[in-house]
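Asks: Mind having a look at this structure? Questions to follow.
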Amino acid sequence: MAQPSNTFDSYDANGIRESLADVIYNISPEETPFLSKCKKTKASNTYVEWQTDSLRSSADNKHIEGDVTVGEARTATTRLGNYTQIFKNAVVVPDTDEGLNKAGRGKEIALTWGALAA
């Protein structure tokens, strides 16, 4: 459908207030289900080590009564390690910015620290 000539519509108008939702959406969340379920510990050194082991493969391991038991060959655990790392994220927000009316948050610094803690 064509618009009549000389029609003044909203696309030509100046001064129309914005329509901005008062919420901030996280459109790229990082999910780490494995790491989230791992036990957290404190490091007592900058180089942290741990050991891993593996289960033996399943087998038909039934024995008859009185059969001679033979020891199964085993391997030692594997010792792994990694260096700790310090993560740093500095934020500077001027006092003037804190007095402004924000969309989706009350304060800029509150959003920043909330994002860092998550």
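Asks: Placing +1 at every Lys and Arg Cβ and -1 at every Asp and Glu Cβ, with all other atoms neutral, what dipole size does the chain have around its Cα centre, in debye to the nearest 20? List each step's numbers first, then the result.
Replies: On the way: 13 positive and 16 negative charges, 112 e Å.
Once rounded to the nearest 20, the dipole reads 540 debye.
Asks: Only one of the listed values, (i) 1.35; (ii) 1.26; (iii) 1.02, was derived from the coordinates as Rg/Rh (Cα atoms, Kirkwood Rh); which label is it?
Replies: Matching the structure shown: (i).
Asks: To test your reading of the geometry: what angle, between 0 and 90 degrees and rounded to tens, separates the Cα axis of helix 108-117 from the longest principal axis of the chain?
Replies: Between helix and principal axis, roughly 10 degrees.
Asks: While we're on this one: Taking square-rooted eigenvalues a ≥ b ≥ c of the alpha carbon gyration tensor, is region 4-71 rounded, prolate or oblate, where a/c under 1.5 means rounded and, failing that, a/b exceeding b/c means prolate?
Replies: Working: a/c = 7.89, a/b = 3.10, b/c = 2.55.
It is prolate, given that a/c is not under 1.5 and a/b is the larger ratio.
Asks: Apply 1/(1 + (r/R0)^6) to the Cβ-Cβ distance of TYR25 and LYS107, taking R0 = 30 Å, and write down the FRET efficiency to the nearest 0.05. Mind dumping the intermediate values first?
Replies: Working: r = 19 Å, r/R0 = 0.62.
Working from the Cβ atoms, E equals 0.95.
Every number in this text was worked out from the coordinates using simple rules, so none of it is lab data. Everything numeric here is computed off the predicted structure, so don't read it as measured data. Using ideal geometry, Cβ is built from the backbone for each residue, glycine included, and neighbour counts are taken over all protein chains shown.
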